[in-house]
Amino acid sequence: ASLLVTAIVSLGLAGCASTFESSYDSDPNQDFSGYKTWGWISENPMIVGNSDRVPNPLLQPKIMRAIENGLAAKGYTRIDDPEAADFAVSFTVGSREEIRVDSYPSAYAGYGYGGYPRWGGAYYGYGMSTNTQVRQTSKGMLAMDVFDVKSHQPVFHAVGTKTITDSDRKQVDVTVQAAVDSVLAAFPPPPAGAD
């Protein structure tokens, strides 16, 4: 398991789809309603973006299969020749390690001797200190790009990111599916001006 699993798993894409943060952008002038067929932009449509790890070669076919199934469920037909399709698809995976430092106050109470000798020298104190926790996490990313075949221009871009957990790393297929679901959720985008 590597890049997408590291990217997806680092991508954090295994686990719960609800924990994915996703966003998309699209060409407001593009009419997506005429799209019926699609193809992969090339035989190897996976692009490796910024990543701290070497990609897992088994990741590409897993993502491709999940995207194919997702687009089929939306009514699109995949054809082998992308130049004969209505749109072409590529995807990018990436991951990065992040250091997170959290500081939070904590209270303490104690009993000691000193301070007010005229009052017996004993005191009870209450105060605040700061605890700091440093954690290293992996963040995974999957991006999907859709290109209009007639214009050869990008018309849709979606990104899903997630902090990867050990559970995500152990459930690669689930992580991949969650990542793909997050980027396909907004495709096709609503027509410009639609609510």
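Annotation note: Cβ proximity below 6 Å between a residue of region 33-48 that is more than 19 Å from Met141 (Cβ to Cβ) and a residue that is in a loop (DSSP other than H, G, I, E, B) and open to solvent by 30 Å² or more (accessible area, probe 1.4 Å) (sequence gap 6+ or interchain) occurs for Tyr35/Asp86; Lys36/Asp86; Thr37/Ile79; Thr37/Asp86; Gly39/Ile79.
Just wondering, is there one or more residues in region 153-160 that are within 21 Å of Ile47 (Cα to Cα), open to solvent by 60 Å² or more (accessible area, probe 1.4 Å) and part of a helix (DSSP H, G or I)? Scanning region 153-160 turns up no residue that is within 21 Å of Ile47 (Cα to Cα), open to solvent by 60 Å² or more (accessible area, probe 1.4 Å) and part of a helix (DSSP H, G or I). Suppose the filter is modelled with pLDDT under 85 and open to solvent by less than 60 Å² (accessible area, probe 1.4 Å); does Ala17 pass it? Yes; evaluated as a whole, the condition is true for this residue. Of all the numbered requirements in (1) modelled with pLDDT of 55 or more; (2) open to solvent by less than 90 Å² (accessible area, probe 1.4 Å); (3) hydrophobic (A, V, I, L, M, F, W, C), Ile99 misses one, and that requirement is (2). Being modelled with pLDDT of 80 or more, of a type outside the set (A, V, I, L, M) and crowded, with 18+ Cβ neighbours inside 10 Å, is that true of even one residue in region 126-138? No.
The values are calculated or read from the model by the stated rules, or taken from the named source; none is laboratory data. Treat the numbers as computed from the prediction; the structure is a model and nothing was measured. No Cβ is skipped: glycine too gets one built from the backbone with ideal geometry, and neighbour counts run over all protein chains shown. Heads up: the accessible areas ignore ligands, DNA and RNA and are worked out on the full protein's heavy atoms, side chains in. Shrake-Rupley method; radii C 1.70, N 1.55, O 1.52, S 1.80 Å.
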